[in-house]
1. Starting from the Kirkwood radius over alpha-carbon pairs of the stretch 8-60, derive D by Stokes-Einstein at 25 °C in a medium of 0.890 mPa s and give it in µm² s⁻¹.
2. Cross-link list Lys24/Lys65; Lys60/Lys113; Lys67/Lys97; Lys60/Lys99; Lys33/Lys60; Lys24/Lys113: which exceed 26 angstrom alpha carbon to alpha carbon?
3. Excluding residues on the same chain fewer than 8 positions from Lys98, give the aspartates and glutamates whose Cα lies under 20 Å from its Cα.
4. Would you mind ranking Ile12, Ile87, Ile19 so that the residue whose beta carbon has the fewest other beta carbons within 10 Å leads the list?
5. Less than 16 Å from a label point 7 Å out along the Cα-to-Cβ axis of Ile145: which backbone N atoms in the stretch 80-115 qualify, by residue?
6. In debye, nearest 20, what is the charge dipole magnitude of the stretch 1-153 about its Cα centre with +1 on Lys and Arg Cβ and -1 on Asp and Glu Cβ, if you could check?
7. Over the stretch 22-168, consider all pairs of different Cα atoms and compute the Kirkwood hydrodynamic radius from their mean reciprocal separation; express it in Å, one decimal.
8. Rank by packing, highest mean first: peptides 93-101, 26-34, with packing defined as the count of other Cβ atoms within 10 Å averaged across residues.
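All of the numbers you see were taken from the coordinates with simple rules; none came from a lab. Fair warning: this is a prediction, and the values are worked out from it, not measured in the lab. Cβ placement follows ideal geometry from the backbone for every residue including glycine, while neighbour counts extend to all protein chains displayed.
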Amino acid sequence: MGLPFSIMPADIDEEAGGIRDPAKAARDRATRKVQRIIELLSSRLPRWICGADTVVSVDKGIYGKPKDRDDAGRMLALLAGREHTVITSVALYGGIKKKIDCRTASCVVRFAKLSPEEIEWYLDTGEWQEAAGAYRIQGLAGLFITSIQGSPSAVVGLPLHDFYAMLRDNGYPYGAANAESAAQ
């Protein structure tokens, strides 16, 4: 998108809250990430702060990042040959309102059946680390995806259309709006 940015980990407890609804859990985590950065940078806030969180939901369970290799293997075995829902929430602070705007995108992903050997092979790649549901669709796990209903960028962790709309709706000088403000 051509946006200038810096990365600052929020280091929140992603298990806190005990929220059982996947969409609410993703919104809560994304919002808490932005709130934490606001706390850390209180006197020198940048104009914009963005936080995002992705969760995977299957069988009414919420699956974030696996704790270790065994947890990742358990998640992949659970997803194999089935559909699951991926929910990503994006929280944006700044712009005209100086409030946190949080939006959520979800999509349904279907995994192919996986043999134990395929799961072990994928675990050996290390791609499962720090990935909701223990996989990265933009990497080798893309080999296991048979269908997606919804935004592929939401599965990656930043629903681009929604993020662009948030920036636009909150007054970010992007695209035509940028040309207008440059002319003034």
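1. Diffusion coefficient, whole number: 205 µm²/s.
2. Checking Cα-Cα distances, Lys67/Lys97; Lys60/Lys99; Lys24/Lys113 exceed 26 Å.
3. Straight-distance partners of Lys98: Asp28, Glu39, Asp162, Asp169.
4. Listing Ile12, Ile87, Ile19 from fewest to most nearby Cβ atoms yields Ile19, Ile12, Ile87.
5. Under cut-off, by backbone N: 80-89, 105-113.
6. For this selection, approximately 940 debye.
7. In the stretch 22-168 this quantity evaluates to 15.9 Å.
8. 26-34, 93-101
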